[in-house]
Amino acid sequence: MRAPLSVRNRRATLLATCGLLCLGPGACDRDRNREKDTASAPFPASRSVERTSYEAVTSRLDRGGRVFAYWSTESWLEDLSDGVEEWKEAVLEWRALPSPQRVRIERMFNVAGRLIRNSGLEQISGVGLSTISLEPDLYHTRTMLHHHSGNDRGYLWSLFGKSAHPLQALDLLPADTALAVVTDLNLPLLWAAVEQELTQIDLPETREWVRRFPARFEERTGLKFYRMLASLDGECGFILTLDSERTFTMPLPSGEEVALPEPGLVLVVRVKDDTLFNRVSDWLASGEHARGSETNPIRRLSLPAPDSLPLPLAPALVRSGNYLLLASTGRLMDEVLAVQGGARPGLKHSEEFQRLSLRVPTEGNRFTFVSRRLGDSLGTLGDRMMTGPNTRAAERRLLRGFLNPDQFSGSWSVWSRVEQGWFRVGNSNRAIT
């Protein structure tokens, strides 16, 4: 079966574009050389008569570095859902199918086409990427996902924030943070989207599941579903720490042991009120050794550590300001609260972060931090596991891929919702290759 012509054209466009991007720095250098040659050539450079987002996208990028790439996606993405419809017709016409199978295939394509239309994917008019070196081993990358003004309907442009704002959650990160991701997320809007998409599927059992979900949620959690959604304030994430002063011993399959920095985890949710804290604390307080405390404006509940665990685990739940925090230990929670209150220097005062944050915006809708210490720890673990006497060659190759410290080089990046799309700025100790 041959694909419809328009689908084949889109596929060819995608493959050609990927091929150009894969040419990497050499292609960019040749492009710059052509620009120089054009200035002195007898024939001036041509300009496209089609509307593109080239100027809007490339004006946000850095020129003269390792990578400078632009892709106009309008001709390929604007009718992508129509392409799904063409594929559906082609599949259904390919051979005679039994009626139940035909209905399932048609339903599957209808769902895919509707998701594409409602996602906002078809409104992407251009994508841009640039990378330059700011200092030795410090690479500055910018990415732009563009839509034309007013053409921003869809989940992609609304679920993750409507405008950039100060990164208040950055004030929660302890100095020992190894990995952190905090993002805007409109959960009420996400549920509305899920409800809408599932209701439109022509399946009575799916519509019934959507109708009954809020009641089932309340039965299992003791919390009214829509009240819970209304209490959220559109931001969530996690913080992983590696204690530089404490270690734990991890047993290896070979029978040996390796000492690694003690990890800790903090879950972060921005809230409007105490709805979630009250319900979670009621559940945690059912344990006979739970301890509660309240020091305005901080509410706290702590649990003792269970016996015989290889890692310390004594959960602490806190409502501090606009954030609900759940930490793996009370000691880690104390560190987070001290950093939030300014009593201790946090991650943003560290030498590593100061370097990685060079020329990165201080406002946005999502941030990601990865410390070099994470790669170092994984590298230590991988080395010990690969040198074990019982480790086979295939396992060594697998471990080398997953626990390669180069995969976790230090980086800091911020995504921002701007007037015409999404804009990412970040730095890394590793260049795009």
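Would you pick out the residues in the range 180-206 that are part of a helix (DSSP H, G or I) and either among the aliphatic types (A, V, I, L, M) or closer than 15 Å to ARG366 by Cβ (or both)?
Within the range 180-206, LEU187, LEU189, LEU190, ALA192, ALA193, VAL194, LEU198 meet the criteria.
For the range 113-163, enumerate the residues that are of a type in the set (Ser, Thr, Tyr) and within 16 Å of VAL67 (Cα to Cα).
Answer for the range 113-163, where residues must be of a type in the set (Ser, Thr, Tyr) and within 16 Å of VAL67 (Cα to Cα): SER130, THR131, SER133, TYR139, THR141, THR143.
Is at least one residue of the range 225-245 surrounded by fewer than 16 Cβ atoms within 10 Å (Cβ to Cβ), modelled with pLDDT under 95 and either on the phi > 0 side of the Ramachandran plot or out of contact with any helix residue (DSSP H, G or I) (no Cβ under 7 Å at 6 or more places or on another chain) (or both)?
yes
Give the residue that is farthest from THR221 (Cα to Cα), with candidates limited to residues of the range 263-297 that are modelled with pLDDT under 80 and of a type in the set (A, V, I, L, M).
The selected residue is ALA290.
Residue by residue through the range 318-370, note down the ones that are aromatic (Phe, Trp, Tyr) and within 15 Å of GLN168 (Cα to Cα).
Of everything in the range 318-370, those that are aromatic (Phe, Trp, Tyr) and within 15 Å of GLN168 (Cα to Cα) turn out to be TYR323, PHE367, PHE369.
Is at least one residue of the range 405-418 of a type outside the set (A, V, I, L, M), out of contact with any Gly (no Cβ under 9 Å at 6 or more places or on another chain) and at pLDDT below 65?
No, that holds for no residue.
Would you mind telling me which numbered condition in (1) surrounded by fewer than 18 Cβ atoms within 10 Å (Cβ to Cβ); (2) of a type outside the set (Val, Ile, Thr); (3) out of contact with any helix residue (DSSP H, G or I) (no Cβ under 9 Å at 6 or more places or on another chain) SER158 fails?
(3)
When the residues of the range 73-98 are filtered to those that are more than 20 Å from GLY128 (Cβ to Cβ) and charged (D, E, K, R), which remaining residue is surrounded by the fewest Cβ atoms within 10 Å (Cβ to Cβ)?
Here the answer is ARG95.
If THR183 meets every condition in (1) under 30 Å from ARG344 (Cβ atoms); (2) surrounded by 20 or more Cβ atoms within 10 Å (Cβ to Cβ); (3) of a type in the set (Val, Ile, Thr) apart from one, which number is that one?
Unmet for THR183, out of (1) under 30 Å from ARG344 (Cβ atoms); (2) surrounded by 20 or more Cβ atoms within 10 Å (Cβ to Cβ); (3) of a type in the set (Val, Ile, Thr): (2).
The values are calculated or read from the model by the stated rules, or taken from the named source; none is laboratory data. Being a predicted model, the structure only gives us computed values, none of them experimental. Because the Cβ atoms are built from the backbone with ideal geometry, glycine has one as well, and the counts that use them run over all protein chains shown.
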